[in-house]
Amino acid sequence: MVSRFEQFAFVISGIYRCIQKIEKDEMIKQGYRGAFAQYLAALNRFEEGLTSAQLCEICDKDKAAVSRIVSEMEEKGLAKRSNATKYRAKIILTEKGKETAEFVAERARIAVTAVSGDFMTKEQRENFYYTLDTISKNLQKISEEGVPQNEE
């Protein structure tokens, strides 16, 4: 019998793999790497831009990954940095970046609608996201503090 942990871990891993594949497939249509999708979405939410450190936190990526992707996005004309020093500079989307971010947002809206279909009511969807968010926060706490001792 599969334990609750195994079932949960397998399902979450499977969802994450599917999201990565969808991002890759959709970004290829635009001529970009799949990794750009999350960064474009994050930067699109913050018109005033984000520092590399903020982007690391929002996208849950390390500094090296953010640096590589942002450099690639700059080379492709999707993003640019403000005039501050490299590490304190705000990264903002160019017009081309904003258009690509809108493509990502629209494709994401379509995908989310297709996934939830008609089988979920608004209340069920709200409960689902509330539960998923609670699980995420609890897992984050356990990952930082360790698994609690058995309370027998």
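The values are calculated or read from the model by the stated rules, or taken from the named source; none is laboratory data. Values in this document were obtained by computation on a predicted structure and should not be read as measured data. As a convention, Cβ positions derive from the backbone with ideal geometry for all residues, glycine included, and neighbour counts pool all protein chains shown.
Points worth noting:
- Checking each residue in segment 130-152 for being farther than 18 Å from D60 by Cβ and surrounded by 10 or more Cβ atoms within 10 Å (Cβ to Cβ) picks out Y130, T131.
- You will find that of E48, E99, the residue that is in a loop (DSSP other than H, G, I, E, B), under 20 Å from the mean Cα position of the chain (by Cα) and at pLDDT 90 or above is E48 and no other.
Results for (1) touching a Gly at 6+ places or on another chain (Cβ under 8 Å); (2) free of Cβ contacts under 8 Å to residues at least 24 places away in the same chain; (3) polar (S, T, N, Q), shown as yes or no for each residue.
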{"residue": "V66", "(1), (2), (3)": "no, no, no"}
{"residue": "E95", "(1), (2), (3)": "no, yes, no"}
{"residue": "E99", "(1), (2), (3)": "no, yes, no"}
{"residue": "F103", "(1), (2), (3)": "no, no, no"}
{"residue": "K122", "(1), (2), (3)": "no, yes, no"}
{"residue": "Q149", "(1), (2), (3)": "no, yes, yes"}
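- Top-ranked residue in segment 1-53 [being free of Cβ contacts under 8 Å to residues at least 24 places away in the same chain and of a type in the set (V, I, T); ranked as farthest from V115 (Cα to Cα)]: V2
- Test: residue in segment 15-27 that is closer than 12 Å to A101 by Cα and of a type in the set (F, W, Y): no
- One residue from K24, K61, K29 being part of a helix (DSSP H, G or I) and surrounded by 11 or more Cβ atoms within 10 Å (Cβ to Cβ): K24
- Among the residues of segment 110-127, not a single one is modelled with pLDDT of 90 or more, more than 17 Å from the chain's Cα centre (by Cα) and not in a helix (DSSP H, G or I).
- Residues in segment 69-95 that are modelled with pLDDT of 90 or more and either surrounded by 13 or more Cβ atoms within 10 Å (Cβ to Cβ) or in contact with a Phe, Trp or Tyr (Cβ under 9 Å, 6 or more places away or on another chain) (or both): 15 in all.
- Residue list for segment 65-95, filter: under 20 Å from K24 (Cβ atoms) and in a helix (DSSP H, G or I): A65, V66, R68, I69, V70, S71, E72, M73, E75
- Condition broken by K63, with the remaining ones in (1) closer than 26 Å to L132 by Cβ; (2) modelled with pLDDT under 95 satisfied: (1)
- Among the residues here, V104 does not qualify as surrounded by 15 or more Cβ atoms within 10 Å (Cβ to Cβ), touching a Ser or Thr at 6+ places or on another chain (Cβ under 6 Å) and under 24 Å from S136 (Cβ atoms).
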